[in-house]
Each structure stands twice: as C-alpha cells, then as structure tokens.
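Okay, so here's the structure we're looking at.
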Amino acid sequence: MAETVYITSSNTAVFRCPQCQRAKTVDVSTFGDFKAPLRFKLTCSCGHVASAVLEKRKRYRKGAHLPGTYVHYVNGKPLGKGAMTVKDLSTTGMKIVLSGNSTMAPGDLLKIEFRLDDAQRSLVQKKVIVRNVSDNFIGTEFAITEAIDKALGFYLRS
C-alpha cells in the first residue's frame, strides 16, 4: 500500500521508509506544477523500494463511510433534504456523496448530521459550505461558525 505524503507550507514533503523508518525531506518545488495526487516509487538507502503518493492538500483527510442526513439551504431557505454518506473528513471539511439527485452549487449551505463509528457513536451536527460538486460527490468546508468538537478532533487523530 502506498504511503500518502502531504506537502508542508514550506513546500517540502517528508518521506519515511516503511522498512527502516529513515526519513528524507524533499523540496517539492523542484517538481514544478503537477496535478495531485502524484504517485511514484522511492528507493531508500537501505535498499527497500516503497510506493508513495504526494498530496497537495493542506490537511490530512481520514477516509470514512458514515451514513447521515442533510438539509440543503440556498439564501437561507431550505430547498431539500436527503440521505448522504460521509466519504472523508478533515479538520476543515468533508467529502460526502448524496443518495439521490440534487442540484447543489458552490456556496450553498448544508446542515449535516451523522454519527461517528467511534465507541460512543458520537453525533456530529455541522453547517458546511459546498465548495465543489462532481456528480453526487460534494466537497465541503465547515462554516466559519463551526468549531471542531472534541469527539470529531479525537476521531481524526485515531
């Protein structure tokens, strides 16, 4: 399985050998403009060859499959609601997939509700802003008024 490596704010990435745990910091600005994710193989000085994926995202995203519901708002008015599944989570937002058809656009507001698959089955209720739409996949960002609660923060670190 390929290790996902995130680019830091200083335009570097730290690769770690899964065999010997040696780390190497690479200046990724020399890679030029590339479309993420960039997949490649690395050979460590110990001789181990590993696969890596270079990701431009600012935050780690944890994969998930968490069923929930949403209410879609435009200009403060509810336009529809339905079932959704959270596909990934980060400290700044999430990707969801909708069960039915919906006409959402960047800038729309969703009120979402789902339960984490942690031991407490913690309830998460958030307002999110739609940032991108691709078929039924919706990329969202937490509304500025939303804080990361304890349960979600702990879940993302586990």
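Couple of notes before you dig in:
- Solvent-accessible area, 1.4 Å probe, carbon plus sulfur percent, for the chain: 51
- For the chain, each Cys has a disulfide-compatible partner, with another Cys C-beta under 4.7 Å from its own.
- Largest-first ellipsoid semi-axes for the range 55-158, taking √(5λ) over the Cα gyration tensor eigenvalues, angstrom: 21, 15, 13
- Links that overshoot a 32 Å alpha carbon limit, given the list Lys87/Lys150; Lys41/Lys126; Lys41/Lys95; Lys41/Lys111; Lys24/Lys127: Lys41/Lys126; Lys41/Lys111; Lys24/Lys127
- Accessible surface, the range 36-139, averaged per residue in Å² (probe 1.4 Å): 58
- In a simple Cβ point-charge model (Lys, Arg +1; Asp, Glu -1; nothing else charged), the chain has a dipole of about 160 debye relative to its Cα centre.
- Residue (of Phe154, Asn101, Gly139) at the positive-pole extreme of the range 86-158, dipole from beta-carbon charges: Phe154
The values are calculated or read from the model by the stated rules, or taken from the named source; none is laboratory data. No experiment lies behind these values; they were computed from the predicted model shown. Positions of Cβ are generated from backbone atoms using ideal geometry, with glycine treated the same way; all protein chains shown enter the neighbour counts. Just so you know, the surface numbers come from the protein's heavy atoms only, side chains and all, with ligands and any DNA or RNA stripped out. Shrake-Rupley method; radii C 1.70, N 1.55, O 1.52, S 1.80 Å.
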